[in-house]
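First comes the structure, then the notes that go with it.
The values are calculated or read from the model by the stated rules, or taken from the named source; none is laboratory data. Fair warning: this is a prediction, and the values are worked out from it, not measured in the lab. Cβ coordinates were reconstructed from backbone atoms using ideal geometry, including for glycine residues, and neighbour counts include every protein chain displayed. Surface areas here come from the heavy atoms of the whole protein model, side chains and all, with no ligands, DNA or RNA. Shrake-Rupley method; radii C 1.70, N 1.55, O 1.52, S 1.80 Å.
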Amino acid sequence: MIKSISSPTNPLIKNIVHLTDKSRARKDSGTFVVEGQREILLALKGGYLPKTIIFNPTIVSFNHLLDLYGNILFDTEMIEVTNLVYNKIAYREGTEGVIAMFSYNEKHIEDLVLKNNNPFILVAEAPEKPGNIGALLRTADAAGVDAFIIANPNTDIFNPNIIRSSVGGVFTKQVVSGTSMEIITFLKKQKIKIFCATINDSSVSIYDQDYTGPTALVVGTESTGLSEEWVNVADHNIIIPMQGQLDSVNVSVSAAIILFEAVRQRMLIKK
């Protein structure tokens, strides 16, 4: 049965707004919000189960959602809302008429399962901006990494800005977090080589390294770069040779350049 809500002051509607705005609310309730047809589909494919799906029938029909998501809708609380209500909870422009509430499932480094005998991992230390995290997630998906690890996170991975900027990429790969020491210990135990993208006297060109074995690429923040904790344990400190007058590029751009050099090398050994 599909329920209806027409008042923007309904307690559920207020709760959705709160979950969208507050990390603490997401963690305390064990719930996060996903907006958009593709993002919700990727969450479902990633094994996340919806508690509630809210849709605006003037934008998208129940039958269209049924075609997209299948019979899971019959096991999910379905609520149709008016334009007024939907505009209150919609987080972005150009919305697709559907928002879902999912159970919170943030994972830590001890939950990481590496199914690949030759793992390929991206690590981001203390990323500051949700937009950068989202871009890194999209890059990680495009490069086919086995896991994306956040060291010393500053926000929860289900921040709506991260979900939006990753275009649902947060659901397509294993995403875990932990302290830098926990992650370093894990990588060393798994015999995964650590390549730190950093500018210092020990750094060598990214093109002079071999990424065909178990590899973890580690990137830092744009403001301060990587901490000494990472630089000191790296198997190799690497740098992108710059051709202009500037010495750095956006962190997601840097990660993409290095990741796809690794992808190129790994594809060559498969031929």
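Key figures
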quantity: Segment 81-224 - percent of accessible surface contributed by carbon and sulfur, probe 1.4 Å; calculated: 47
quantity: Environment charge at SER7 (Cβ cut-off 15 Å; Lys +1, Arg +1, Asp -1, Glu -1); calculated: +2
quantity: Residue-wise HN-Hα coupling along segment 141-152, computed from phi with Karplus coefficients 6.51, -1.76, 1.60 (Hz; x: Gly, Pro); calculated: 5, 4, 7, x, 5, 7, 7, 10, 10, 10, 8, 6
quantity: Accessible area of the chain divided out per residue, in Å², using a probe of 1.4 angstrom; calculated: 49
quantity: LYS14 accessible area, 1.4 Å probe, all protein chains in place, Å² to nearest 10; calculated: 120
quantity: Probe 1.4 Å - accessible area at PHE148, Å² to nearest ten; calculated: 0
quantity: Nonlocal amide H pairs with VAL123, under 5 Å, H built at 1.01 Å; calculated: ILE149, LEU217, VAL218, VAL219
quantity: Long-range HN-HN contacts of THR31 with modeled amide H, under 5 Å; calculated: TYR104
quantity: Value of [θ]222 nm, deg cm²/dmol, for the chain, DSSP H segments ≥ 4, -39500 (n - 2.57) each, nearest 500; calculated: -10000 deg cm²/dmol
quantity: Normalised contact order of the chain, rounded percent, pairs of Cα under 8 Å and 6 or more residues apart; calculated: 19
quantity: Rg/Rg_globular for segment 143-257, with Rg_globular taken as 2.2 N^0.38 Å and Rg from C-alpha atoms; calculated: 1.08
quantity: Along principal axes, Cα extents of the chain, largest first, whole Å; calculated: 63, 39, 35
quantity: Summed residue charge, Cβ within 13 Å of THR212's Cβ, Lys/Arg positive, Asp/Glu negative; calculated: +3
